[in-house]
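J.: The following block contains the structure, expressed as C-alpha cells.
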Amino acid sequence: MDADLVVTRLSRLYTLDPGSQGLGERTDVSVAFAGGKLLYVGDPANAPEAPVTFDGRGCIGLPGLVDPHTHAVWAGSRSSEFARRLAGESYTAILEGGGGIRSTVRATREASTDVLVGSARARIEGMLEHGVTTVEVKSGYGLDPAQEARLLSVARSASARVRVVTTFLGAHAVPEELRGDRDAYVRQVIDEQLPWCAPLADCIDVYCDRGAFTLDEAVEILTAGRARGLHVRAHAEQVEHTGIAAAAAALGATSVDHLERIDDRGIAAMAANGTVAGLLPAAQVYLRDIAPPVARLREAGVPMAVGTDLNPGTSPVRDLWIAATLATLVQGLTIPEAVLGITRNAGRALGRADLGWLGEGSVADLSVFRPPPGEPPAVESLVQFLGDHRAALVVRDGQVVLR
Ligand SMILES: [Zn+2]
C-alpha cells in the first residue's frame, strides 16, 4: 500500500504501545500513514515513500496527547475572584456569595452560541498547538435541558482539527432557580436533561462533594447515565470524602478525578474495577490544596491519568505539558507516569483504549516536538522544562492537522 505521509528519522519515538516495555522507546525510526491509518513504524531504510514528508531528525515523537478532563466551553471571566482568593477569601465563601461556578453559569447561559463556539475553538486549538489531538469537554455551565444540550453541541462542533470527547455534567451544581428544591433538580437531570443530552455525550460525570451533590444523588444520576450507555466518571473526594470514588468504581467508572481525600476503600475499589485516577495538579495548585495519595494509588496498581481541568476559576490552565510537570512536582509522579498520564491512561479514562498510543489497533495520531534549546531529543526534557512545548507537527487520523 502506498503511504500518503511519512515522518522520517525521528530521533526518538515513544509508542506507549501496551505490548512494549516502558514507554515503548525507539531511536531513529520512521512512521508512515495511509488512508487515515498507521501504515509503518520502523527502520528508516525500509520506510515507504510518500508525497508528504516531515524530517524528524532531532525530534521527539509521541502519540497524540489526550487531555481527559476539561470544562472548555464557558463564557465570562473570574479573574476578579482570583484576586479575592489571593487576598484570603475561600472558594466556598465566594461560591456562597454567588461567584464561582454560579457566575460562570449566568454568563454562559447569556452568551450566544457563536460566542461560545469561538472561545471554545480558540481554547481547544490552543491545546492542539501543544500536541493534544483529543480533548475531553464537559457540559455543566448550563444546568437546564436546553442549555446543557447546547454546550455539548458546541463542544462537538468547536474544532474540525481536534477530536472532542464529550461528557454530560448536568450534576455540576444546583442552579439558582432550584436552590430551594434540590430534589426537583436531581429529577430534572435524570428525567429531562439526560434523555436530551445522552445522544450528544460519550460519558456522564457528577460533582459529588460538599456544596454539590450527595453520594445517593450522585449514584442515582450515574446509574441512569450508565443505563443510556454513557461511560461513568465522577469529580470525587476533592473537598470532602464522600465515598463516591468507591461507589462510582463499583458502577464500572472509567475514571474518578481529583481524589485529594480518597481513602483505602476507594483505592481498593478502583483497583478492583480498573478505574483510572484522574489527577488534576493545576487545580490542586490554584486551590493550594493537598496532593492525592499517589504512592498508595501506585502501590494498589491504579492507573493514573493527568488532565488540565481547564476552567475559568480553579484551573485556568490549558497546556497539558504544564499539568504533566506539575504532576511530578506537586503530586509525586515519575516522568514515565506523567507521560503515560497524558497519553494511554488518559484515553483509558475516557473509555477509549485506542487513544494515546501508537501501534496495531490505535488511532493514527502522532505529535512531534523539538526539545527545548540545547536539550537532547528525549521526553525527560519535555517534562522537566515547564510547558510551552509547541508541536512541530501534529497528525490526527493520519492527516496533518498542524505543521
Ligand atoms: Zn473538573
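The values are calculated or read from the model by the stated rules, or taken from the named source; none is laboratory data. It should be emphasised that the depicted structure is a prediction, and the values quoted were computed from it without experimental measurement. Here the Cβ positions follow ideal geometry from the backbone for every residue, glycine too, while neighbour counts run over all protein chains shown. All accessible areas refer to the heavy atoms of the entire protein, side chains included, with ligands and DNA or RNA removed. Shrake-Rupley method; radii C 1.70, N 1.55, O 1.52, S 1.80 Å.
J.: Please give me, ordered by residue number, the trypsin sites (Lys or Arg not before Pro) of the stretch 230-305 that lie in loop per DSSP and have at most 11 other Cβ atoms within 10 Å.
T.: Arg288
J.: I'd like the trypsin sites (Lys or Arg not before Pro) in the stretch 39-103 restricted to DSSP loop residues with at most 13 other Cβ atoms within 10 Å, sorted by number.
T.: Answer in residue order: Arg57.
J.: Just to check, using Stokes-Einstein with a Kirkwood Rh over alpha carbon pairs, what's the diffusion coefficient of the stretch 1-98 at 4 °C and 1.567 mPa s in µm²/s?
T.: After rounding, the answer is 75 µm²/s.
J.: Of the residues Val105, Val132, Val239, which exhibits the maximal mean-square fluctuation in a Gaussian network model of the chain defined by a 10 Å Cα contact cut-off?
T.: Val239
J.: Using the Cα centre as the reference, give the magnitude of the dipole from point charges on the C-beta atoms of the stretch 36-192 (Lys, Arg: +1; Asp, Glu: -1; all else neutral), rounded to the nearest 20 debye.
T.: 160
J.: Which of the peptides 218-230, 114-126 is most tightly packed, and how do the rest follow, judged by the mean count of other Cβ atoms within 10 Å per residue?
T.: Going from most to least packed, we get 218-230, 114-126.
J.: Counting only protein heavy atoms, what percent of the accessible surface of the chain is carbon or sulfur at a 1.4 Å probe?
T.: Percent of accessible area from carbon and sulfur atoms in the chain: 51.
J.: Still on this structure: Under the 0.36 nm per residue contour assumption, what length would be gained going from the current alpha-carbon distance of Ala160 and Arg179 to full extension?
T.: This chain segment gains 3.0 nm when fully extended.
J.: Would you mind getting the Kirkwood hydrodynamic radius of the stretch 252-403 from its Cα pairs, rounded to one decimal in Å?
T.: The answer is 16.1 Å.
J.: Continuing with this model, one more query. For the stretch 38-77, take N as its residue count and report Rg(C-alpha) divided by 2.2 N^0.38 Å.
T.: The reported ratio for this selection is 1.99.
J.: Enter the accessible area per residue of the stretch 275-385 (Å², integer; probe 1.4 Å; all protein chains in place).
T.: Per-residue value: 33 Å².
J.: Note the angle between two axes, namely the Cα long axis of helix 264-273 and the longest principal axis of the Cα atoms of the chain, as a number of degrees from 0 to 90, rounded to the nearest 10.
T.: Roughly 50 degrees, rounded to the nearest 10.
J.: I would also like to ask the following. Using a 1.4 angstrom probe, figure out how much accessible area the stretch 44-174 has per residue, in square angstrom, rounded to the nearest whole.
T.: 34
J.: Treat the stretch 119-180 as a sphere of radius equal to its Kirkwood radius over Cα pairs and apply Stokes-Einstein at 37 °C in a medium of 0.692 mPa s; give the translational diffusion coefficient in µm²/s, rounded to a whole number.
T.: Result for D is 265 µm²/s.
J.: Then there's this: Can you give the Kirkwood hydrodynamic radius for the chain, in Å, rounded to one decimal and based on Cα pairs?
T.: 21.2
J.: Sticking with this one: State the Cα centre-to-centre distance between the stretch 1-15 and the stretch 197-269 in whole Å.
T.: Computed from Cα coordinates, the inter-centre distance equals 40 Å.
J.: In degrees from 0 to 90, rounded to the nearest 10, what is the angle of the helix 101-110 Cα long axis to the longest principal axis of the chain?
T.: 80
J.: I'm a student and want to see the number: the projected area of the Cα convex hull of the stretch 164-240, averaged over all directions, in nm².
T.: Seen from a random direction, the Cα hull of the stretch 164-240 projects 5.0 nm² on average.
J.: Between the alpha-carbon centers of the stretch 296-368 and the stretch 83-147, tell me the distance in whole angstrom.
T.: The two parts, judged by their Cα centres, are 21 Å apart.
J.: For the stretch 178-272, with the dipole built from +1 on Lys and Arg beta-carbon atoms and -1 on Asp and Glu ones, taken about the Cα centre, which of Ala248, Leu230, Tyr207 lies farthest toward the positive end?
T.: Leu230
J.: On to the next question. If you build a Gaussian network model of the chain, linking Cα atoms that sit under 10 Å apart, which residue out of Ala149, Ala391, Ala87 swings the most?
T.: With Cα springs under 10 Å in the chain, the top fluctuation among Ala149, Ala391, Ala87 is at Ala87.
J.: Anyone know which of Gln193, Gln21, Gln238 comes out most mobile in the 10 Å Cα GNM of the chain?
T.: Gln21
J.: Per the Cauchy relation, a quarter of the hull surface: what is the mean projected area of the convex hull of the alpha carbons in the stretch 239-318, in nm²?
T.: Projected over every direction and averaged, the Cα hull of the stretch 239-318 covers 4.8 nm².
J.: Taking amide hydrogens as modeled 1.01 Å from N in the peptide plane, which residues meet the under 5 Å criterion relative to Glu25, leaving out close sequence neighbours?
T.: Those qualifying (amide H under 5 Å, at least 5 residues apart or on another chain) are Thr15.
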